[in-house]
Amino acid sequence: MITVVVVDDSAFMRKALATMLEKDLEIKVVASARDGMEGLDLIRKHNPDVVTLDIEMPRMDGLTALGHIMREMPRPVLMVSSLTTEGAESTLRALEIGAVDFIPKQLSKVTLDIIKIEENLQAKVKLIAKRKLRPISLAQHAAAFAPAPG
C-alpha cells in the first residue's frame, strides 16, 4: 500500500485528489493539510511514502515546505500546480529544490480529460513512491533558492 499526504489550501482540491488517488486500491491518502505548516506536522506524524504539494498556500507556501521536507524527512514529492507563467517558474524551482515531478492543476475546470488526469496522477504517485531520497544539506537548499545568474 502506498501512503500519501495531500497538501493544498483548497478543500475542493484536497477532496478531488484524495478521491482520484484512492480509486486505485494500491494508494491510501492517510491525511490532508491546508497549508505547508500543517502538512509538515502530518508528514512527521504519518510518515507517508509520497506527498502531493500545492505551491501557493497561506502560512507556509509549498516551496518553503518542500525545502523542510527535503532537509528533514526526504521523500518523493509530487507538485500539483496551476499552469500559469508564474506557476511554471515556481514548478521549475520546486524541481530544483527536490520535487520529483509535477501535475498541472486543471481539476477546477470541467473537463473530459478527468480520467486521463486521474490515471496520470495515480501512475506518477506509484512511480515516485519507489524512489529513495536523502536529506539535502543547507548549502544545497540555499543554492536551490539562489537567484539565477544573469
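The values are calculated or read from the model by the stated rules, or taken from the named source; none is laboratory data. The model shown is predicted, which means the values in this text are computed figures rather than measured ones. Backbone-built Cβ (ideal geometry, glycine too); neighbour counts: all protein chains shown.
Quick rundown of the values:
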{"quantity": "Sole residue being farther than 22 Å from E119 by Cα and either under 12 Å from the mean Cα position of the chain (by Cα) or of a type in the set (D, E) (or both), chosen from D9, D49, D54", "calculated": "D9"}
{"quantity": "Criterion: modelled with pLDDT of 85 or more and not in a loop (DSSP other than H, G, I, E, B) - qualifying residue of R59, R71", "calculated": "R71"}
{"quantity": "When residues of region 16-39 are limited to those that are free of Cβ contacts under 8 Å to residues at least 40 places away in the same chain and under 12 Å from the mean Cα position of the chain (by Cα), the one surrounded by the most Cβ atoms within 10 Å (Cβ to Cβ)", "calculated": "G39"}
{"quantity": "Residue match in region 46-54 (condition: part of a helix (DSSP H, G or I), touching a strand residue (DSSP E or B) at 6+ places or on another chain (Cβ under 7 Å) and either surrounded by fewer than 21 Cβ atoms within 10 Å (Cβ to Cβ) or at pLDDT below 95 (or both))", "calculated": "yes"}
{"quantity": "Residue that is nearest to A123 (Cα to Cα), among those in region 1-43 that are modelled with pLDDT of 95 or more and either touching a Cys at 6+ places or on another chain (Cβ under 7 Å) or among the polar types (S, T, N, Q) (or both)", "calculated": "T3"}
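Every residue, every condition in (1) at pLDDT 80 or above; (2) surrounded by 11 or more Cβ atoms within 10 Å (Cβ to Cβ); (3) of a type outside the set (S, T, Y); (4) under 15 Å from the mean Cα position of the chain (by Cα), yes or no:
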{"residue": "L112", "(1), (2), (3), (4)": "no, no, yes, no"}
{"residue": "A129", "(1), (2), (3), (4)": "yes, yes, yes, yes"}
{"residue": "R134", "(1), (2), (3), (4)": "no, no, yes, no"}
{"residue": "Q140", "(1), (2), (3), (4)": "no, yes, yes, no"}
